[in-house]
Amino acid sequence: MAAMMLLGSTVPFLSASEASVAPVCIMGRTWTAPDGLIHMGFPGSVIEVGFTGTKSIKIIAGCPEQDKEAHFNVTLDTVPLERLEVKGPVREYVISDTLDKDEFYRIRLVRRTEAWQGVARFGGFVVDEGTEWLDCKELPERRLMFIGDSITGGDKNEYIPPFSHFGNHTHNAEMAFGWELGRRLEAQVHLVSYGGKGIVRDWSGNTEEVKAAEFFERAVPDTAEAVWDHAQYQPDAVVICLGTNDFTPGVLDVEAYSVPYIRFVERILEVHPDARVVVCSSPMHNPEDAGWGGPREKALEASLDAVVSHFSEARPDRVRKVKLGYRPGTEFDSHPIAPQHQEIADELEPVLRDWLGW
């Protein structure tokens, strides 16, 4: 895997030495709770730290919600380490205990999984006395945001039997199409996604659960008090891939869906006045399926056309539509797998490059 984009947002974490403070670099939405712990719920959020002068480094973390867990990719410099599963009360996890005190290192942790699978809490790093911390790397100027559901979050994109068995560990945001576009376009990435959710309802038809317009305003999607400050991250482009869950319980009328969708895009443009917005169809709707996918695909496409038509008059060349190809997943699960996320990135890359001049 190629080295990921550079990180920002310095947060001071205390190390084992009271006199040493680590400039922890964060990419993605996080929330510092009243108890001082940093909560990470959205997939693809990142913590990185650079240091020298220690033989070992541990991270203080937990996922105390009952029967929940959070999984992280861990990289030492450019070398992937064993995937980290955080579960239960806040405690120490060993990242590495075979370091050379005279060498300089960077540790990066990328949240693979979604908030509904467990919100991770971070409390700092434990290192040897005398550890020196490195400054954060500079951020690239380009910024992307991807708003969506389980597809955007990379749900089960590594569930490819017989090479993997079913479980939360098969969700990998770092292999989702948004992160892939970040690598290709050398941009920062925020994934603001939540599996099972939509614009007007969730996958089961429930309209009372948190929806996109609500979790867009939050740093942790199910935590109302975790209000996100949009000024912290102003994207050049926002890619929305919603609708799969809205249309799962049944086909929606164009006006019933496009009107709240338009309100959502208006809110995005209100807080991100310089951003371009791409609205995408669902890669999980099979247009050849006359009984299920076809009718949903046609209704969603018509709704997105209505959204684009509205903004073509109200805000010319600020909103475009991309019709994504059908990505059937596997016989074991309908979510797109990692190679199909690459194909989705192939469809979006030329649009973003041309529109943004990248």
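What follows is calculated from the coordinates using simple rules that are stated; it is not laboratory data. The shown structure was predicted, so the numbers you read here are calculated from the model rather than taken from an experiment. Cβ coordinates were reconstructed from backbone atoms using ideal geometry, including for glycine residues, and neighbour counts include every protein chain displayed.
Connecting C-alpha atoms closer than 10 Å in a GNM of the chain, tell me which of Gln117, Gln340, Gln66 has the biggest fluctuation.
Judging by the Gaussian network model, the answer is Gln66.
Rounded, prolate or oblate: which fits region 143-356 when a ≥ b ≥ c are the square roots of the eigenvalues of the alpha-carbon gyration tensor, with rounded for a/c under 1.5 and prolate only if a/b beats b/c?
rounded
What shape does region 247-358 have by the C-alpha gyration tensor, where a ≥ b ≥ c are the square roots of the eigenvalues, rounded means a/c under 1.5, and otherwise prolate means a/b greater than b/c and oblate the rest?
oblate
Can you bin region 68-120 into rounded, prolate or oblate? Criterion: square roots of the alpha carbon gyration tensor eigenvalues sorted a ≥ b ≥ c, rounded for a/c under 1.5, prolate for a/b above b/c, oblate for the rest.
Because a/c hits 1.5 or more and a/b exceeds b/c, region 68-120 counts as prolate.
To the nearest Å, what is the center-to-center distance of region 46-122 and region 299-358, using C-alpha atoms only?
33
So what J values fall out for region 102-107 if you push phi through Karplus, 6.51 cos²θ - 1.76 cosθ + 1.60 with θ = phi - 60°, rounded to Hz, Gly and Pro as x?
With coefficients 6.51, -1.76 and 1.60, one gets 8, 9, 9, 9, 10, 9 Hz.
Which of the lysines could be linked to Lys137 by a straight reach, that is with a Cα gap under 27 Å, when you skip same-chain ones fewer than 8 residues away?
Lys55, Lys58, Lys101
Each residue of region 86-99 in turn: what ³J(HN,Hα) in whole Hz from Karplus with 6.51, -1.76, 1.60 and θ = phi - 60°, glycine and Pro shown as x?
Taking θ as phi minus 60°, the curve returns 9, 8, x, x, 5, 7, 8, 10, 6, 8, 7, 10, 10, 7 Hz for region 86-99.
Determine the principal axes of the Cα atoms in the chain, then give the extent along each, sorted from largest to smallest and rounded to whole angstroms.
63, 44, 36
Please tell me the relative contact order of region 143-356 in percent, rounded to the nearest whole number, where contacts are Cα pairs under 8 Å and at least six residues apart.
23
Which order do Lys156, Lys87 fall in if you start with the one that has the fewest other Cβ atoms within 10 Å?
Listed from fewest to most nearby Cβ atoms, that is Lys87, Lys156.
Among 103-112, 27-36, how do they line up from the highest to the lowest mean number of other beta-carbon atoms within 10 Å?
So the order, starting with the most tightly packed, is 103-112, 27-36.
Going by how many other beta carbons lie within 10 Å of each one, how would you line up Leu242, Leu76, Leu252, fewest first?
Going from sparsest to densest Cβ surroundings: Leu76, Leu252, Leu242.
What number, in percent, do you get for the relative contact order of the chain if the mean sequence gap of Cα pairs under 8 Å and at least 6 apart is divided by its residue count?
In percent, rounded to a whole number, it is 16.
Neighbour counts of other C-beta atoms within 10 Å: give me Val192, Val254, Val94, Val119 arranged from fewest to most.
The order, fewest Cβ neighbours first, is Val94, Val254, Val119, Val192.
Between helix 338-356 and the chain, what is the angle of the helix's C-alpha long axis to the longest principal axis, kept within 0 to 90° and rounded to the nearest 10?
Once rounded, one gets 80 degrees.
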